[in-house]
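FYI, it's all coordinate maths here, none of it is from the lab. Everything numeric here is computed off the predicted structure, so don't read it as measured data. Cβ sites come from the backbone with ideal geometry, for glycine too, and all protein chains shown count toward neighbours.
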Amino acid sequence: MYEVNRIGVLTSGGDAPGMNAAIRAVVRMSIFHGLQVTGIKRGYLGLLKKEFVKFSLGSVADIIHRGGTILRTARCEEFKTEDGQRQAIKNLQEEGIDALVVIGGEGSLRGALALANYGIPVVGIPATIDNDLAGTELSIGFDTAVNNVVDAINKIRDTATSHERVFIIEVMGRKSGQIALYAGLAGGAESILLPEIEVDMNEVIFKLERGINRGKLHSIIIVAEGAASALEVGDDIRKRTGLETRITILGHLQRGGTPTAMDRMLASRMGAKAVELLLQGANRKMVGIAAGELLALDLEDVLSREKVLDRSIWELAAVLAI
């Protein structure tokens, strides 16, 4: 066991709506328990450059509703080296930081595990719109990203109907099809192309022609960026059917904006749980959630596995699109 007096918190990797709510929860839960809190700006890059800031209760006022991260985030190749990691540990020790909360996605949590291997207690909080971490049903930012995509689908559908066109919408997610899957079902897409399931353009064409034959005025196809290029899908459809197609690549629009109530709740719960785990002597853990219950997951185990896509959701979307 070790005594925790000062907790450090950083955000790293891609920003995700709800990160600020998680920071707020870490800071206020720590202060509630009589701990000091140090924020580390710009992730691991800021850790190497000693960009430390002391947090108070007022430091995190009026941030729960804000997207992005008040601590900022940055990439840092130097931190991936052994020398960089040793320097990071040295900087933490000199600042008097006893334990660390890392808020971010897979790359950020791998950095957290590296620091834990040098002896500093670390708890990770999954915050990535990709929702691609094993062991947890949800990661912070995913719900907001899905809602942003569904909102875009709703707007595009109006134009698609008016002009009787096929719209192909490309969404983010790296190698994960989670955003495309959930937004595709919620947005009533005719086809959803995912990296986890082999793309069958013959099936996509069949669905389009079936819809036209029954009088449909438009079609929406969702493409996960890790599955295919929306531009190539659109060209293929146009060449094989003669249908007029339009491409929309949503890009970073999905990452921004006010986090949803669900993401604020999730971030608040996970942030508080991370502090509680450190006070209980936990290390090398990630906070997860399943069936509404928070979990303390082994960080190394989480990073050694791939998240399994729920194929039944994809199958349901296909049935409802007939």
What list of ³J(HN,Hα) couplings, whole Hz, do you get for segment 122-131 from phi and the Karplus terms 6.51, -1.76, 1.60, once you set θ to phi - 60° and write x for glycine and proline?
9, 10, x, 10, x, 9, 7, 5, 5, 6
Would you please give the FRET efficiency between T241 and A61, computed as 1/(1 + (r/R0)^6) with r the Cβ-Cβ distance and R0 = 56 Å, to the nearest 0.05?
0.50
To the nearest 20 debye, what charge dipole does segment 142-255 have about its Cα centre, counting +1 at the Cβ of each Lys and Arg and -1 at the Cβ of each Asp and Glu?
240 debye
Neighbour cut-off at most 12 other Cβ (10 Å), DSSP loop, GluC sites (Glu not before Pro), segment 24-124
E77
With contacts defined as alpha carbon pairs under 8 Å and 6 or more residues apart, what's the relative contact order of the chain in percent?
23 percent
Within segment 282-322, list the trypsin sites (Lys or Arg not before Pro) lying in a DSSP loop whose Cβ has at most 15 other Cβ atoms in a 10 Å radius.
R305
Taking the Cα centre of the chain as origin and charging only Cβ (+1 Lys, Arg; -1 Asp, Glu), how large is the dipole, in debye to the nearest 20?
800 debye
Positive end of the charge dipole of segment 250-310 (Lys, Arg +1 and Asp, Glu -1 on Cβ, about the Cα centre): tell me which of L279, A291, P259 has its Cα farthest that way.
P259
Need the C-alpha centroid separation for segment 1-51 versus segment 261-316, integer Å.
18 Å
How many nm separate the modelled label positions at T258 and K90, each set 7 Å beyond the Cα in the direction of the Cβ?
4.7 nm
Quick one: Debye curve from the C-alpha atoms of the chain, no solvent, what's log10 I(q)/I(0) at q = 0.07, 0.12 Å⁻¹?
-0.32, -0.78
Cα-based Rg of segment 1-109 normalised by 2.2 N^0.38 Å, two decimals:
1.01
For the chain, what does -39500 (n - 2.57) per DSSP helix run (n ≥ 4), summed and divided by total residues, give at 222 nm, in deg cm²/dmol to the nearest 500?
-13000 deg cm²/dmol
Per the 1/(1 + (r/R0)^6) rule, R0 = 22 Å and r from the Cβ atoms of T161 and I205, FRET efficiency to 0.05 is 0.60
Distance in nm between Y118 and E3 label points, each 7 Å along Cα→Cβ, equals 2.4 nm
Arrange the following residues from fewest to most other Cβ atoms within 10 Å of their Cβ: L71, L109.
L71, L109
